Structure formats: C-alpha cells, structure tokens
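Participant: Before anything else, here's the structure in question.
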Amino acid sequence: MSAVVSKTTRDETLSEWFADVSAAPDDTLPALHPFRTRAWAWAWTRQNTERILEHRHLTVTDHDTGVRETISFLLVPGDGSPYWNSQESDAGVAPVWPGPVLWAGSPHAEYGGAGTATPAITRVLLGAGRELAHETGACALAMPGLRAEQAARVAEAGGAEVLSLPTDVSFTRYLGTSHDAWWAAIPAAYRREARRQWRRGSEEGLTLQVHHGPDARPALRETFHALAEQTAKRHGSPLYGDDMFHHLADVPGAVLLSAHNDDQFVGGIFGWLHQRGLYLWASGIDYDHPLAPRSYTWLMGEVARWAINHGATHIDAGRWNCRAKTRLGYKPHVLHTAVHLMKPDPGTAQRLKHLSGRLGDHAAPFLGPSLRW
C-alpha cells in the first residue's frame with residue numbers, strides 16, 4: 001500500500017489519507033500532551049496488546065485558519081482494547097460493543113481530541129470517520145479522552161446522532177517552585193501523614209533511579225512490566241503488554257522513575273516529560289516487599305522533586321486511583337467519549353449510558369461540588 005491512500009478537497013478543508021502516520025505532514029499546532037505526538041501514534045500502531053485490525057491516518061487542513069491536524073483511526077475488536085475492557089469491569093457491566101469499533105485515538109492514550117481544533121476539522125473528523133467505519137464494518141465510531149470543550153465541539157458538529165458520555169476522570173496539579181511548596185499544597189488532612197510516609201521511606205533505604213527513553217527497556221521488560229500488570233489486576237483488570245512499553249519507550253521524553261531498596265526494585269512509574277509537564281501513565285508496586293505500603297507515596301514525592309528539578313510546572317497523574325491522588329492534592333478533570341453508532345441500536349446506546357452512570361458513581365465522591373459528571 002502506498003503512503004498516501006487518497007486526497008480529497010472540500011470547500012473548507014483539504015484532507016489526505018495515509019497508511020503510515022510517519023508519512024503524514026506535521027501538525028501546525030504544538031502537541032499539548034505526549035499522546036498527540038506523531039511519535040506516540042507511530043509507536044502505538046506497532047504494539048499488539050490492543051488488537052488493532054487496521055489503522056489509517058487522516059491529515060486535515062482548515063483553509064480559513066491554516067490549522068492542520070492528523071487523526072489516527074484504529075479499528076479494534078469490541079473486546080480488543082484492554083483499557084476499555086477495564087472500564088466495563090470497573091463499572092460491573094456486560095461488554096458494550098456488538099462488533100468492532102473504529103477509535104479516533106486509542107482509549108489507552110488518556111487524552112484524545114485529534115480533529116477538534118476547529119469546527120471545520122471536526123466536521124471532517126465525523127464525516128470521514130463515519131465513511132471509514134462503514135467501509136471497515138465497525139459498529140461505531142468512538143472518540144475517547146475528550147475534555148469538555150472538545151466533547152462539546154464534537155456534539156455540536158454531530159448533532160443528535162452523537163452520544164457524548166463522561167467515561168473517565170484524570171488528575172493534575174501544579175508543582176510549585178520547590179519541593180516544600182509541593183508538600184504545602186497537599187490538603188491539610190493528609191499532608192502530615194504523606195510527608196511522614198515519604199520521610200520514613202527514605203530513612204528505610206528507598207532510593208530513586210531514573211531511566212530515560214530506550215535505556216529504560218531492560219528495567220521495563222525485566223521487572224516493571226510484571227509489577228504494572230500485578231498492580232492493574234489489583235485495581236480491576238489487566239492493562240499492559242510488554243510490547244506497549246517496548247515501543248512507547250521511543251516516544252520523546254519517556255522516563256521510568258523507580259524506587260529501589262538495595263538492589264531490589266520496589267516500585268516504579270512510567271511516563272513522559274513533555275514540554276513543561278510530567279505525564280504519568282503506568283505504575284507498578286511489588287506488594288510482597290516490606291516497604292510496599294509506603295512506596296507509592298514515597299515515589300510520588302520523589303517524582304514531584306525530580307519534575308521540579310527538570311523544569312516541569314505541572315504533573316498529570318493519569319486516570320482513576322482517585323482517593324490516593326486527591327489526598328496528594330491532585331485536581332480531577334472529567335473526560336468524555338463521543339460515540340456515533342453506525343445504525344440505530346437502542347441496546348448499545350443504553351449499555352453505554354449505563355456504563356457512564358456506573359463510572360460516575362465511582363468518581364462522584366472525588367469530584368467536589370463544582371465539577372459535574
């Protein structure tokens with residue numbers, strides 16, 4: 001297959017299809033997070049834990065604004081995305097999808113939003129996505145990881161045919177100018193205990209090791225992958241394959257921050273330093289180690305110090321694990337999944353709404369009075 005699959009010109013936009021995302025031109029806007037980088041998209045199409053049956057990439061240029069974005073479409077079996085499966089498991093609901101789904105960005109990526117930069121590009125996202133979903137036999141076109149303003153733009157462009165459902169909660173916080181400032185921003189009810197756990201961890205011999213990019217692969221493969229899977233299973237269901245970490249280590253800014261006691265790997269967090277933010281994507285703890293009860297809090301304190309020393313202004317701590325993150329001062333953000341069902345299907349629509357409602361029940365105690373699910 002050639003790199004350029006097709007090219008179409010519309011009144012407001014120019015669209016080009018690519019079989020290989022690395023052949024597509026660069027976006028004109030800087031990637032707000034690592035999941036919108038070309039490197040992430042390229043790495044993700046090479047992993048196989050999320051079972052991608054087919055992928056195509058659409059570059060759209062808005063003539064009026066000059067904005068250009070590339071949208072990665074991934075055809076995945078209905079049960080082929082471990083992250084979406086974990087959402088169903090956490091909600092305690094039966095599998096939602098009756099067939100394969102065309103995802104505009106993977107649910108694993110935390111944040112989506114490709115194709116929402118301008119109204120004209122969003123209209124192309126929906127039109128081209130529906131055409132590709134029909135061509136590939138998908139039961140739905142789904143756009144995960146949308147912030148509220150992105151979800152609103154998709155809903156406005158798609159009308160009543162698009163379901164916009166809250167499905168996730170992510171957590172972020174500013175670091176402050178020093179490690180002491182980071183501790184001071186933790187809610188008073190937990191601040192003393194958090195700092196005690198961090199101090200005791202240091203006194204008992206925990207030390208931080210940092211592995212960057214491809215150099216992290218041995219630790220990711222030999223130790224971290226198994227601990228991340230063990231931790232994910234404790235919180236619900238399996239999420240990670242060794243191949244995910246292998247390929248994502250090539251994404252610029254990749255870093256594994258790990259806690260060690262002598263020569264033992266006690267726990268770690270994998271993510272990316274992107275622009276001035278540190279994005280935490282996966283964590284793993286050795287729960288059989290005697291220092292395990294304090295290792296997560298210790299690691300989060302050390303991660304904050306490392307991020308400050310490396311010029312970061314904020315940390316994105318990823319999704320869920322709400323209680324631990326709110327105790328450390330992280331603020332929640334509700335994320336949406338927008339869905340266009342390819343044919344009228346009241347049963348699937350109802351299952352999606354039920355899934356959203358059950359996940360909202362889990363998130364509600366941590367959202368506060370000003371944030372709606």
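Participant: Is it the case, given these coordinates, that Thr177 is in contact with a helix residue (DSSP H, G or I) (Cβ under 8 Å, 6 or more places away or on another chain), of a type in the set (Ser, Thr, Tyr) and surrounded by fewer than 18 Cβ atoms within 10 Å (Cβ to Cβ)?
Facilitator: Working: in contact with a helix residue (DSSP H, G or I) (Cβ under 8 Å, 6 or more places away or on another chain): yes; of a type in the set (Ser, Thr, Tyr): yes; surrounded by fewer than 18 Cβ atoms within 10 Å (Cβ to Cβ): yes.
Yes; evaluated as a whole, the condition is true for this residue.
Participant: Taking region 274-294, which residues are touching a strand residue (DSSP E or B) at 6+ places or on another chain (Cβ under 6 Å) and either outside any helix (DSSP H, G or I) or surrounded by 24 or more Cβ atoms within 10 Å (Cβ to Cβ) (or both)?
Facilitator: Gly277, Leu278, Tyr279, Leu280, Trp281, Ala282, Ser283, Gly284, Ile285, Asp286, His289, Leu291
Participant: crowded, with 18+ Cβ neighbours inside 10 Å and either in a loop (DSSP other than H, G, I, E, B) or free of Cβ contacts under 8 Å to residues at least 12 places away in the same chain (or both): is that true of Gly271 in this structure? It would help to see each step written out before you state the result.
Facilitator: Details: crowded, with 18+ Cβ neighbours inside 10 Å: yes; either in a loop (DSSP other than H, G, I, E, B) or free of Cβ contacts under 8 Å to residues at least 12 places away in the same chain (or both): no.
Here the answer is no, as Gly271 does not meet what is asked.
Participant: Within region 87-103, can one find any residue that is among the polar types (S, T, N, Q) and in contact with a Phe, Trp or Tyr (Cβ under 7 Å, 6 or more places away or on another chain)?
Facilitator: no
Participant: What residue, among those in region 318-373 that are surrounded by 15 or more Cβ atoms within 10 Å (Cβ to Cβ), part of a helix (DSSP H, G or I) and of a type in the set (Gly, Ala, Ser), is modelled with the lowest pLDDT?
Facilitator: Once the filter is applied, the top-ranked residue is Ala324.
Participant: Now for a different question. Which residues, counting only those in region 145-169, are among the small types (Gly, Ala, Ser), touching a helix residue (DSSP H, G or I) at 6+ places or on another chain (Cβ under 9 Å) and on the phi < 0 side of the Ramachandran plot? Give the steps one after another, and end with the answer.
Facilitator: From region 145-169, those among the small types (Gly, Ala, Ser) are 145, 148, 151-152, 155, 157-160, 164; that's our starting set.
Narrowing the set further to residues that are touching a helix residue (DSSP H, G or I) at 6+ places or on another chain (Cβ under 9 Å) leaves 145, 157-158, 164.
Passing the criteria: Ala157, Gly158, Ser164.
Participant: Additional query: Being at positive phi and among the acidic types (Asp, Glu) is the filter here, so list the residues in region 196-254 that pass it.
Facilitator: In the first step, residues of region 196-254 are kept if they are at positive phi; the result is 205, 213, 236, 253.
Within region 196-254, none qualify.
Participant: Here are Leu227, Leu208, Leu257: which of them is touching a strand residue (DSSP E or B) at 6+ places or on another chain (Cβ under 7 Å) and within 30 Å of Gly92 (Cβ to Cβ)? I'd like the intermediate steps shown before the answer.
Facilitator: Values: Leu208 fails: within 30 Å of Gly92 (Cβ to Cβ); Leu257 fails: within 30 Å of Gly92 (Cβ to Cβ).
One residue alone meets the criteria, Leu227.
Participant: Suppose we filter region 105-152 for residues that are of a type outside the set (Ser, Thr, Tyr) and part of a helix (DSSP H, G or I); how many remain?
Facilitator: Taking region 105-152 as the starting set, the residues that turn out to be of a type outside the set (Ser, Thr, Tyr) are 105, 107-110, 112-115, 117, 119-121, 123-135, 137-152.
Imposing the further condition that a residue be part of a helix (DSSP H, G or I) reduces the set to 107-109, 119-121, 123-135, 148-152.
Number of matching residues: 24.
Participant: Tally time: how many residues in region 12-27 are in a loop (DSSP other than H, G, I, E, B) and either under 22 Å from the mean Cα position of the chain (by Cα) or of a type in the set (A, V, I, L, M, F, W, C) (or both)? If you could, list the steps in order and put the result at the bottom.
Facilitator: Start the filter on region 12-27 by keeping residues that are in a loop (DSSP other than H, G, I, E, B), which leaves 12, 19-20, 24-27.
From the residues that got through so far, the ones that are either under 22 Å from the mean Cα position of the chain (by Cα) or of a type in the set (A, V, I, L, M, F, W, C) (or both) too are 19-20, 24, 26-27.
Final tally of qualifying residues: 5.
Participant: Still on this structure, please answer the following. Conditions first: (1) assigned to a strand (DSSP E or B); (2) among the aliphatic types (A, V, I, L, M); (3) in contact with a Ser or Thr (Cβ under 9 Å, 6 or more places away or on another chain). Ala155 passes all but one, so which condition is the exception?
Facilitator: So the condition that Ala155 fails would be (1).
Participant: I'd like to verify a number: residues in region 139-164 that are surrounded by fewer than 19 Cβ atoms within 10 Å (Cβ to Cβ) and under 19 Å from the mean Cα position of the chain (by Cα), how many?
Facilitator: So the answer is 3.
The values are calculated or read from the model by the stated rules, or taken from the named source; none is laboratory data. What you see is a predicted model, and the numbers here were worked out from it, not measured in a lab. All Cβ positions, glycine included, derive from the backbone under ideal geometry; neighbour counts span all protein chains shown.
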